[in-house]
Amino acid sequence: MVKKVKHSSRIELKQSAYKNNLNFIKKKIGDGVIFSSVVKANAYGHGIETFVPMAEKCGVRHFSVASSFEAEEVLSVSREDSHIMIMGIIYEEDIPWAIDQNIEFFVYNYDRLPIALEAAKKVGKKAKIHIEVETGANRTGMQKEEFPKALKFLKKNKDHLTFHGLCTHFGGAESFSNQFKLDIQHKRYKEFLQVCKKENIEPEIRHIACSAAALAMKDTVYDMVRVGVAQYGFWPSPDIYYHHLQEVNKLSDAALKRIFTWKTDIMDIRNVKEGEFIGYGTAYQATHKMKIAVMPLGYSNGYPRALSNRGQVLINGKKAPIVGLINMNLFMVDITHIPDVNVGDEVVLIGRQKNNVINVSSFTNTTQLLNNEMLSRLPAAIPRTVVK
Ligand SMILES: *Cc1c(COP(=O)(O)O)cnc(C)c1O
């Protein structure tokens, strides 16, 4: 159903900022490397439906998701010539569907190979598989012991199974304190490649780098990178940002740009007398005569309740502090110090307004949420649009 009424908040994606991030990352990884845009978790909250076509306009043709239901969503909005890869869960009953739709998927243990083979035979199309190998994250991935057997299986059934990729995922590439672990993982990955060579069957593409590795560990960039957080304009961690600053010999560099702005508008304005309580309970008592603006959204719309009495929004380019508790569908902010505010005025919840900005990080510092966690919790129902 297409909704016609206006939603209580909206998200804008800035295409020029995305293009900038893409150029920056591509420069880091070099020519001839496939850029796979990781759009799991509703494109890290940016909204698959809006984000994927925008990325395609900027030239992206490969998308990675965590599950078959996310793949289905990408499929419904993407171009015919775009590739989709499932890195995580795909139930056995959905494998024929994936093969039929030319969707690539990870095979993360030996037992999935015969299942993929049966599905490929049933559909009458070749399955494009990526063998994910266990290198030290102990999450998903084929064990070393099973690997030679898997390669023999692939050789024997090459009419039905394409050995498209060999991959692994780092457990914690954003932190240099994990370097010893990352080195071990990379070394083990190379051993898997050696086994391929020995068995005389090699993957079409090799890929292990996520954002942090793609930006800061050049030797982990093989034929493809799987980039999530960085394409949305976030440095994976301070470590990775400082690594970049050293590389370019600068004290700061706004090389990555946030593409995301979250907005709403003022629902109502009221005066509150000194001594009155604002909202539920007694969480906020007016210490003086105040002017309050009412926001038409709350924690059920993705605005964290932990920001009660702590967060801020932007109105007329000025910070307006939250007063009282975040309710399910409402919260209030203090605008006593901001002149010329009217009902219906635009409010920025995350992003820039005039010379002021509210970052996801300022948000997450108080809530203890990870950037990714905060973004991925933004309800899918919030409408997303692209702006230049
Ligand atoms: C999420 C994910 C990525 C992308 O990670 P970022 O740090 O956001 O770039 C890459 N590979 C796999 C397997 C993932 O699950």
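Those strands (runs of 3 or more DSSP E) of region 1-71 in which 1 or more residues are more than 14 Å from the ligand (Cβ to nearest atom) and either of a type in the set (Lys, Arg) or under 18 Å from the mean Cα position of the chain (by Cα) (or both) occupy 10-14.
Would you call residue 27 among the basic types (Lys, Arg), in contact with a strand residue (DSSP E or B) (Cβ under 9 Å, 6 or more places away or on another chain), over 20 Å from residue 105 (Cα atoms) and surrounded by fewer than 20 Cβ atoms within 10 Å (Cβ to Cβ)? When the stated conditions are applied, residue 27 does not pass them. Among the criteria (1) closer than 30 Å to residue 334 by Cβ; (2) within 16 Å of the chain's Cα centre (by Cα), the one residue 237 does not fulfil is (1). Among the residues of region 163-201, those that are within 23 Å of residue 244 (Cα to Cα) and either over 27 Å from the mean Cα position of the chain (by Cα) or outside any helix (DSSP H, G or I) (or both) comprise 169, 170, 171, 172, 173, 174, 175. Candidates 257, 198: the one that is of a type in the set (Lys, Arg) and either within 15 Å of the ligand (Cβ to nearest atom) or under 19 Å from residue 135 (Cβ atoms) (or both) is 198.
Restricting attention to region 347-388, the residues that are part of a strand (DSSP E or B) and basic (Lys, Arg) total 2.
A quick yes/no check of all residues on (1) farther than 18 Å from residue 8 by Cβ; (2) touching a Ser or Thr at 6+ places or on another chain (Cβ under 8 Å); (3) in contact (Cβ under 8 Å) with a residue 12 or more places away in the chain:
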{"residue": "325", "(1), (2), (3)": "no, yes, yes"}
{"residue": "338", "(1), (2), (3)": "yes, no, yes"}
{"residue": "345", "(1), (2), (3)": "no, no, yes"}
{"residue": "348", "(1), (2), (3)": "no, yes, yes"}
{"residue": "359", "(1), (2), (3)": "yes, no, yes"}
{"residue": "365", "(1), (2), (3)": "yes, no, no"}
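Whenever a residue of region 185-196 is farther than 13 Å from residue 167 by Cβ, its partners that are of a type outside the set (Ser, Thr, Tyr), lying with C-beta atoms within less than 9 angstrom and at least six residues away or across chains, give the pairs 191/144; 195/144; 195/147; 195/148; 195/151. Taken residue by residue, region 152-172 has at least one member that is within 13 Å of the ligand (Cβ to nearest atom) and surrounded by fewer than 21 Cβ atoms within 10 Å (Cβ to Cβ). Taken over region 45-100, the criterion of being buried (at least 24 other Cβ atoms within 10 Å of the Cβ) and without any contact (Cβ under 8 Å) to a residue 12 or more places away in the chain is satisfied by no residue. Note on region 306-346: residues that are β-branched (Val, Ile, Thr) and part of a strand (DSSP E or B) total 5. Inspect region 221-236 for any residue being within 16 Å of the ligand (Cβ to nearest atom), touching a Ser or Thr at 6+ places or on another chain (Cβ under 8 Å), over 23 Å from residue 347 (Cα atoms) and modelled with pLDDT under 95 and give the result as yes or no. There is at least one residue in region 221-236 that is within 16 Å of the ligand (Cβ to nearest atom), touching a Ser or Thr at 6+ places or on another chain (Cβ under 8 Å), over 23 Å from residue 347 (Cα atoms) and modelled with pLDDT under 95. On the stretch given as region 91-135, residues that are assigned to a helix (DSSP H, G or I) and of a type in the set (Lys, Arg) total 3.
The values are calculated or read from the model by the stated rules, or taken from the named source; none is laboratory data. Everything numeric here is computed off the predicted structure, so don't read it as measured data. Heads up, the Cβs are rebuilt from the backbone with ideal geometry, glycines too, and the neighbour counts pull from every protein chain shown.
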